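First the structure, in the form of C-alpha coordinates, and then the observations on it.
The values are calculated or read from the model by the stated rules, or taken from the named source; none is laboratory data. If you're wondering where the values come from, they're calculated on a predicted model, not measured in any experiment. Methodologically, a virtual Cβ is constructed for each residue, glycine included, from the backbone with ideal geometry; neighbour enumeration extends over all protein chains shown. With ligands, DNA and RNA removed, areas are computed over all heavy atoms of the protein, side chains included. Shrake-Rupley method; radii C 1.70, N 1.55, O 1.52, S 1.80 Å.
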Amino acid sequence: MQSIYAMHQNGSDNLEKEEKFLFYSIDNIQDLYLVMVSSLIEICKKETIYLHLSSKKHLATPQERNPNEKFVKNAIFQILAENNSLSIALENRKINNWTLNDDYILLLLNDIKASKQYSKYMSNAVNTFEEDKQFIVDLFTEVIVPNEKLYEYLEDDKLTWVDDIPVVNTHIIKQLKAITAGEDDNFRVPKLYKDNEDRDFVKDLFRRTVLNELEFAKEYVDKTPNWDSDRIAEIDTIILKMAICEFLKFPSIPVKVTLNEYLEIAKEYSTPKSSIFINGILDNLVKELEASKKLIKAGRGLM
(Lines give C-alpha, C1' and ligand atoms only; values in the text may rest on other atoms or scores of the structure.)
Protein backbone atom coordinates (compact mmCIF):
# COMPACT_ATOMS: atom_id res chain seq x y z
CA MET A 1 0.00 0.00 0.00
CA GLN A 2 2.75 2.46 0.97
CA SER A 3 4.61 1.71 -2.27
CA ILE A 4 1.55 2.41 -4.43
CA TYR A 5 0.90 5.60 -2.46
CA ALA A 6 4.53 6.66 -3.02
CA MET A 7 4.15 6.01 -6.77
CA HIS A 8 1.12 8.31 -6.84
CA GLN A 9 2.89 11.03 -4.88
CA ASN A 10 6.01 10.87 -7.04
CA GLY A 11 4.09 10.61 -10.29
CA SER A 12 6.21 7.57 -11.11
CA ASP A 13 5.21 4.95 -13.67
CA ASN A 14 8.43 2.93 -13.45
CA LEU A 15 7.04 -0.35 -12.20
CA GLU A 16 10.38 -2.17 -11.96
CA LYS A 17 12.01 0.65 -9.99
CA GLU A 18 9.09 0.87 -7.56
CA GLU A 19 8.99 -2.90 -7.17
CA LYS A 20 12.67 -2.93 -6.21
CA PHE A 21 11.99 -0.21 -3.66
CA LEU A 22 9.08 -2.25 -2.29
CA PHE A 23 11.32 -5.25 -1.60
CA TYR A 24 14.08 -2.98 -0.29
CA SER A 25 11.58 -1.57 2.22
CA ILE A 26 10.47 -5.05 3.26
CA ASP A 27 14.09 -6.16 3.78
CA ASN A 28 14.57 -3.11 5.97
CA ILE A 29 11.80 -4.31 8.28
CA GLN A 30 14.04 -7.19 9.36
CA ASP A 31 16.92 -4.75 9.87
CA LEU A 32 14.71 -2.66 12.15
CA TYR A 33 13.77 -5.79 14.08
CA LEU A 34 17.43 -6.71 14.52
CA VAL A 35 18.39 -3.18 15.56
CA MET A 36 15.70 -3.13 18.25
CA VAL A 37 16.45 -6.61 19.64
CA SER A 38 20.21 -6.02 19.59
CA SER A 39 19.72 -2.83 21.64
CA LEU A 40 18.92 -5.09 24.61
CA ILE A 41 22.14 -7.05 24.14
CA GLU A 42 24.21 -3.87 23.81
CA ILE A 43 22.63 -2.30 26.90
CA CYS A 44 23.68 -5.33 28.93
CA LYS A 45 27.21 -5.23 27.47
CA LYS A 46 27.56 -1.54 28.25
CA GLU A 47 26.53 -2.02 31.89
CA THR A 48 28.86 -5.03 32.24
CA ILE A 49 31.80 -2.90 31.08
CA TYR A 50 30.79 -0.09 33.44
CA LEU A 51 30.62 -2.40 36.46
CA HIS A 52 34.02 -3.93 35.61
CA LEU A 53 35.74 -0.55 35.21
CA SER A 54 34.15 0.79 38.37
CA SER A 55 35.40 -2.20 40.38
CA LYS A 56 38.97 -1.55 39.20
CA LYS A 57 39.07 2.11 40.23
CA HIS A 58 41.86 3.00 42.64
CA LEU A 59 39.41 4.43 45.17
CA ALA A 60 36.48 2.13 44.42
CA THR A 61 33.77 2.04 47.03
CA PRO A 62 32.72 -1.25 48.65
CA GLN A 63 29.57 -1.18 46.51
CA GLU A 64 31.66 -0.70 43.34
CA ARG A 65 34.00 -3.57 44.32
CA ASN A 66 31.07 -5.87 44.98
CA PRO A 67 28.18 -4.57 42.85
CA ASN A 68 24.67 -5.96 42.53
CA GLU A 69 24.97 -7.86 39.23
CA LYS A 70 21.32 -8.81 38.97
CA PHE A 71 20.77 -6.58 35.93
CA VAL A 72 23.67 -7.92 33.84
CA LYS A 73 22.90 -11.51 34.87
CA ASN A 74 19.29 -11.23 33.71
CA ALA A 75 18.40 -14.55 32.04
CA ILE A 76 16.74 -12.90 29.01
CA PHE A 77 19.85 -10.84 28.27
CA GLN A 78 21.86 -14.08 28.32
CA ILE A 79 19.42 -15.95 26.08
CA LEU A 80 19.50 -13.18 23.48
CA ALA A 81 23.30 -12.80 23.63
CA GLU A 82 23.82 -16.55 23.11
CA ASN A 83 21.06 -17.07 20.55
CA ASN A 84 22.42 -18.62 17.36
CA SER A 85 19.56 -17.48 15.12
CA LEU A 86 20.01 -13.88 16.25
CA SER A 87 23.82 -13.92 15.96
CA ILE A 88 23.67 -15.25 12.39
CA ALA A 89 21.04 -12.71 11.33
CA LEU A 90 23.00 -9.80 12.82
CA GLU A 91 26.11 -10.91 10.96
CA ASN A 92 24.35 -11.63 7.67
CA ARG A 93 22.54 -8.28 7.64
CA LYS A 94 25.68 -6.47 8.89
CA ILE A 95 23.83 -4.76 11.72
CA ASN A 96 26.38 -2.50 13.49
CA ASN A 97 24.18 0.48 14.38
CA TRP A 98 25.05 0.43 18.07
CA THR A 99 28.77 0.05 17.44
CA LEU A 100 28.64 3.24 15.40
CA ASN A 101 26.13 5.01 17.67
CA ASP A 102 26.79 3.73 21.17
CA ASP A 103 25.76 7.12 22.63
CA TYR A 104 22.15 6.00 22.14
CA ILE A 105 22.83 2.85 24.16
CA LEU A 106 24.25 5.00 26.96
CA LEU A 107 21.20 7.24 26.75
CA LEU A 108 18.87 4.24 27.03
CA LEU A 109 20.91 2.77 29.87
CA ASN A 110 20.69 6.03 31.82
CA ASP A 111 16.93 6.14 31.30
CA ILE A 112 16.66 2.54 32.45
CA LYS A 113 18.61 3.23 35.66
CA ALA A 114 16.38 6.21 36.38
CA SER A 115 13.20 4.19 35.89
CA LYS A 116 10.92 2.83 38.60
CA GLN A 117 11.08 -0.58 36.90
CA TYR A 118 14.85 -0.72 37.44
CA SER A 119 14.60 0.48 41.02
CA LYS A 120 12.05 -2.19 41.90
CA TYR A 121 13.95 -4.95 40.08
CA MET A 122 17.28 -4.10 41.72
CA SER A 123 15.83 -3.95 45.24
CA ASN A 124 17.26 -7.43 45.77
CA ALA A 125 20.12 -9.41 44.24
CA VAL A 126 18.26 -12.64 43.48
CA ASN A 127 17.46 -13.61 39.87
CA THR A 128 14.35 -15.65 39.05
CA PHE A 129 13.43 -16.44 35.47
CA GLU A 130 9.88 -15.10 35.56
CA GLU A 131 10.93 -11.85 37.22
CA ASP A 132 13.81 -11.47 34.74
CA LYS A 133 11.45 -11.95 31.81
CA GLN A 134 8.76 -9.59 33.10
CA PHE A 135 11.41 -6.96 33.82
CA ILE A 136 12.76 -7.07 30.24
CA VAL A 137 9.24 -6.95 28.79
CA ASP A 138 8.39 -3.92 30.96
CA LEU A 139 11.73 -2.29 30.20
CA PHE A 140 11.32 -2.69 26.46
CA THR A 141 7.67 -1.62 26.47
CA GLU A 142 7.78 1.28 28.91
CA VAL A 143 11.33 2.67 28.67
CA ILE A 144 13.00 1.74 25.37
CA VAL A 145 10.11 1.89 22.88
CA PRO A 146 8.75 5.30 24.02
CA ASN A 147 12.21 6.94 24.00
CA GLU A 148 11.94 9.99 21.74
CA LYS A 149 15.66 10.20 20.98
CA LEU A 150 15.66 6.57 19.84
CA TYR A 151 12.61 7.19 17.66
CA GLU A 152 14.29 10.22 16.07
CA TYR A 153 17.42 8.16 15.39
CA LEU A 154 15.42 5.37 13.73
CA GLU A 155 13.44 7.87 11.67
CA ASP A 156 16.63 9.60 10.48
CA ASP A 157 18.44 6.34 9.75
CA LYS A 158 15.77 4.94 7.41
CA LEU A 159 12.60 6.83 6.58
CA THR A 160 10.85 3.60 5.56
CA TRP A 161 11.04 2.45 9.20
CA VAL A 162 8.53 5.02 10.48
CA ASP A 163 5.43 2.99 9.58
CA ASP A 164 7.06 -0.28 10.63
CA ILE A 165 8.20 0.64 14.16
CA PRO A 166 4.89 -0.19 15.96
CA VAL A 167 4.50 -3.53 14.16
CA VAL A 168 8.10 -4.58 14.80
CA ASN A 169 8.05 -3.58 18.47
CA THR A 170 4.74 -5.36 19.06
CA HIS A 171 6.20 -8.55 17.57
CA ILE A 172 9.34 -8.30 19.72
CA ILE A 173 7.25 -7.89 22.89
CA LYS A 174 5.21 -10.95 21.91
CA GLN A 175 8.42 -12.95 21.41
CA LEU A 176 9.93 -11.81 24.71
CA LYS A 177 6.79 -12.86 26.58
CA ALA A 178 6.94 -16.29 24.92
CA ILE A 179 10.49 -17.12 26.05
CA THR A 180 10.53 -20.07 28.43
CA ALA A 181 13.22 -21.36 30.80
CA GLY A 182 15.32 -24.38 29.94
CA GLU A 183 14.64 -24.46 26.19
CA ASP A 184 17.51 -24.02 23.76
CA ASP A 185 15.42 -22.92 20.79
CA ASN A 186 12.80 -20.61 22.24
CA PHE A 187 13.74 -17.43 20.40
CA ARG A 188 14.12 -17.26 16.64
CA VAL A 189 14.48 -14.40 14.20
CA PRO A 190 11.25 -14.43 12.15
CA LYS A 191 11.36 -14.90 8.40
CA LEU A 192 10.14 -12.05 6.20
CA TYR A 193 8.35 -14.57 3.98
CA LYS A 194 7.04 -18.02 4.78
CA ASP A 195 8.33 -19.29 1.43
CA ASN A 196 8.93 -18.23 -2.19
CA GLU A 197 5.19 -18.36 -2.83
CA ASP A 198 4.67 -15.77 -0.12
CA ARG A 199 7.23 -13.44 -1.73
CA ASP A 200 5.65 -13.97 -5.14
CA PHE A 201 2.29 -12.96 -3.69
CA VAL A 202 3.73 -9.59 -2.60
CA LYS A 203 5.05 -8.97 -6.11
CA ASP A 204 1.87 -10.14 -7.83
CA LEU A 205 -0.44 -8.08 -5.61
CA PHE A 206 1.67 -4.97 -6.20
CA ARG A 207 1.88 -5.45 -9.97
CA ARG A 208 -1.73 -6.47 -10.52
CA THR A 209 -3.05 -3.59 -8.44
CA VAL A 210 -0.91 -0.99 -10.23
CA LEU A 211 -1.56 -2.35 -13.73
CA ASN A 212 -5.35 -2.55 -13.19
CA GLU A 213 -6.04 0.60 -11.17
CA LEU A 214 -8.47 2.09 -13.68
CA GLU A 215 -10.38 -1.17 -13.99
CA PHE A 216 -10.65 -1.56 -10.22
CA ALA A 217 -11.73 2.07 -9.74
CA LYS A 218 -14.75 1.42 -11.98
CA GLU A 219 -15.90 -1.27 -9.56
CA TYR A 220 -16.48 1.16 -6.70
CA VAL A 221 -17.02 4.55 -8.34
CA ASP A 222 -20.81 4.14 -8.62
CA LYS A 223 -21.04 2.86 -5.05
CA THR A 224 -20.07 6.22 -3.58
CA PRO A 225 -22.97 8.44 -4.79
CA ASN A 226 -22.58 10.81 -1.85
CA TRP A 227 -18.86 11.20 -2.39
CA ASP A 228 -17.03 13.11 -5.08
CA SER A 229 -14.13 10.88 -6.17
CA ASP A 230 -11.74 13.77 -5.46
CA ARG A 231 -12.94 13.86 -1.84
CA ILE A 232 -12.15 10.21 -1.12
CA ALA A 233 -8.81 9.95 0.70
CA GLU A 234 -6.12 8.60 -1.61
CA ILE A 235 -5.15 5.95 0.93
CA ASP A 236 -8.78 4.76 0.91
CA THR A 237 -8.82 4.42 -2.88
CA ILE A 238 -5.61 2.36 -2.76
CA ILE A 239 -7.05 0.12 -0.03
CA LEU A 240 -10.19 -0.40 -2.12
CA LYS A 241 -8.19 -1.22 -5.25
CA MET A 242 -5.98 -3.71 -3.43
CA ALA A 243 -9.00 -5.43 -1.87
CA ILE A 244 -10.73 -5.59 -5.27
CA CYS A 245 -7.54 -6.99 -6.76
CA GLU A 246 -7.63 -9.85 -4.21
CA PHE A 247 -11.33 -10.43 -4.94
CA LEU A 248 -10.83 -10.68 -8.71
CA LYS A 249 -7.23 -11.78 -9.29
CA PHE A 250 -6.50 -14.14 -6.37
CA PRO A 251 -9.07 -16.97 -6.37
CA SER A 252 -7.36 -18.83 -3.49
CA ILE A 253 -7.84 -16.00 -0.96
CA PRO A 254 -11.17 -16.20 0.94
CA VAL A 255 -13.40 -13.12 0.75
CA LYS A 256 -13.60 -12.84 4.54
CA VAL A 257 -9.82 -12.84 4.83
CA THR A 258 -9.56 -9.98 2.35
CA LEU A 259 -12.34 -8.00 4.05
CA ASN A 260 -10.85 -8.36 7.53
CA GLU A 261 -7.33 -7.59 6.33
CA TYR A 262 -8.17 -4.34 4.57
CA LEU A 263 -10.51 -3.11 7.30
CA GLU A 264 -7.62 -3.47 9.76
CA ILE A 265 -5.30 -1.64 7.36
CA ALA A 266 -7.86 1.18 7.04
CA LYS A 267 -8.07 1.50 10.84
CA GLU A 268 -4.30 1.70 11.08
CA TYR A 269 -3.41 4.00 8.20
CA SER A 270 -6.41 6.06 7.15
CA THR A 271 -9.00 8.39 8.68
CA PRO A 272 -11.15 7.37 11.68
CA LYS A 273 -14.28 6.86 9.54
CA SER A 274 -12.46 5.06 6.73
CA SER A 275 -13.04 1.51 7.98
CA ILE A 276 -16.82 2.12 8.07
CA PHE A 277 -16.74 3.74 4.62
CA ILE A 278 -14.58 0.97 3.11
CA ASN A 279 -16.58 -1.80 4.80
CA GLY A 280 -19.81 -0.48 3.28
CA ILE A 281 -18.38 -0.27 -0.22
CA LEU A 282 -16.72 -3.70 -0.11
CA ASP A 283 -19.81 -5.39 1.33
CA ASN A 284 -21.96 -4.02 -1.49
CA LEU A 285 -19.30 -4.88 -4.06
CA VAL A 286 -19.04 -8.50 -2.86
CA LYS A 287 -22.81 -8.95 -3.23
CA GLU A 288 -22.71 -7.47 -6.73
CA LEU A 289 -19.73 -9.57 -7.82
CA GLU A 290 -21.36 -12.72 -6.49
CA ALA A 291 -24.61 -11.93 -8.29
CA SER A 292 -22.79 -11.32 -11.57
CA LYS A 293 -20.65 -14.48 -11.14
CA LYS A 294 -17.46 -12.39 -11.31
CA LEU A 295 -16.35 -13.45 -7.84
CA ILE A 296 -14.84 -16.89 -8.31
CA LYS A 297 -12.97 -18.49 -5.45
CA ALA A 298 -11.24 -21.87 -5.81
CA GLY A 299 -11.31 -24.48 -3.06
CA ARG A 300 -13.68 -25.43 -0.27
CA GLY A 301 -14.95 -22.85 2.20
CA LEU A 302 -13.35 -19.87 0.49
CA MET A 303 -16.35 -17.59 0.18
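Just check region 67-114 against the gyration tensor rule for me: Cα atoms, a ≥ b ≥ c as the square roots of the eigenvalues, rounded for a/c under 1.5, and otherwise prolate or oblate depending on whether a/b exceeds b/c. Mind dumping the intermediate values first?
Values: a/c = 3.50, a/b = 1.27, b/c = 2.74.
Cα axes put region 67-114 in the oblate bin.
Could you order the peptides 39-47, 263-271 from most to least packed, using the average number of other C-beta atoms within 10 Å per residue? Mind dumping the intermediate values first?
Numbers: 39-47: 19.8, 263-271: 16.7.
Highest-to-lowest ranking by the protection proxy: 39-47, 263-271.
Between Asp163 and Tyr5, what is the spin-label point distance in nm, taking each point 7 Å from the Cα along the Cα→C-beta axis?
0.5
For the residue pair Glu69 and His171, what label-to-label distance in nm results when each label sits 7 Å from Cα along the Cα-to-beta-carbon direction?
The modelled label-to-label distance comes out at 3.5 nm.
Determine the relative contact order of region 124-205: mean sequence separation of Cα pairs under 8 Å and six or more apart, normalised by residue count, in whole percent. It would help to have the intermediate numbers written out before the result.
Numbers: 24 pairs, mean separation 23.3, N = 82.
Taking the mean separation of contacting Cα pairs over the length of region 124-205, I get 28 percent.
When averaged across all projection directions, what area in nm² does the alpha-carbon convex hull of region 10-142 cover?
Numbers: hull surface 44.4 nm².
Projected area, direction-averaged: 11.1 nm².
How many nm separate the modelled label positions at Ala125 and Lys294, each set 7 Å beyond the Cα in the direction of the Cβ?
With each label point 7 Å from Cα toward Cβ, the separation is 7.4 nm.
Per DSSP H run of n ≥ 4, the term is -39500 (n - 2.57); total these for the chain, divide by its residue number, and report the mean residue ellipticity at 222 nm rounded to 500 deg cm²/dmol. Spell out each step's value before the answer.
Working: 16 runs with 201 residues, N = 303.
Mean residue ellipticity, 222 nm, calculated: -21000 deg cm²/dmol.
Please arrange Tyr24, Tyr118 by accessible surface area, largest first, computed with a 1.4 Å probe and ligands excluded. Walk me through the numbers before you get to the answer.
Values: Tyr24 115, Tyr118 35 Å².
From most exposed to least exposed: Tyr24, Tyr118.
Treating only the Cβ atoms of Lys and Arg (+1) and Asp and Glu (-1) as charged, compute the dipole magnitude of the chain about its Cα centre; round to the nearest 20 debye. Walk me through the numbers on the way to the answer.
Details: 39 positive and 50 negative charges, 126 e Å.
Here the chain has a charge dipole of around 600 debye.
Quick check: convex hull over the Cα atoms of the chain, volume per residue in Å³, rounded to an integer? Show your work: numbers first, answer last.
Working: hull volume 51.3 nm³, N = 303.
Convex hull volume per residue, Cα atoms: 169 Å³.
With r defined as the distance between the Cβ atoms of Asp102 and Glu268 and R0 fixed at 30 Å, what FRET efficiency is calculated, to the nearest 0.05? Each step should come with its number before you reach the end.
Values: r = 33 Å, r/R0 = 1.11.
E(calc), rounded to 0.05, equals 0.35.
Where is the GNM fluctuation largest for the chain (alpha-carbon springs, 10 angstrom cutoff): Ile179, Ile29, Ile276?
Ile276
Which one, Asn74, Asn186, Asn124, has the greatest fluctuation when you compute a Gaussian network model over the chain with C-alpha springs under 10 angstrom?
Asn124
Rounded to the nearest whole Å², what accessible area per residue is found for the chain with the 1.4 Å probe?
Values: 17430 Å² over 303 residues.
Per-residue accessible area for the chain comes out at 58 Å².
Could you look at region 59-126 and say what percent of its accessible area is carbon and sulfur, using a 1.4 Å probe and all protein chains?
Values: 2060 of 4160 Å².
Roughly 50 percent of what the probe reaches on region 59-126 is carbon or sulfur.
Tell me, in nm to one decimal, what length is gained between Leu15 and Asn279 on full extension, where the rule is 0.36 nm per residue of separation less the Cα-Cα distance?
On the way: separation 264, 0.36 × 264 = 95.04 nm, distance 2.91 nm.
Between Leu15 and Asn279, full extension yields an extra 92.1 nm.
For the charge dipole of the chain, defined by +1 on Lys and Arg C-beta atoms and -1 on Asp and Glu C-beta atoms about the Cα centroid, which residue among Ile278, Ala178, Val126 has the Cα displaced farthest towards the positive pole?
Val126
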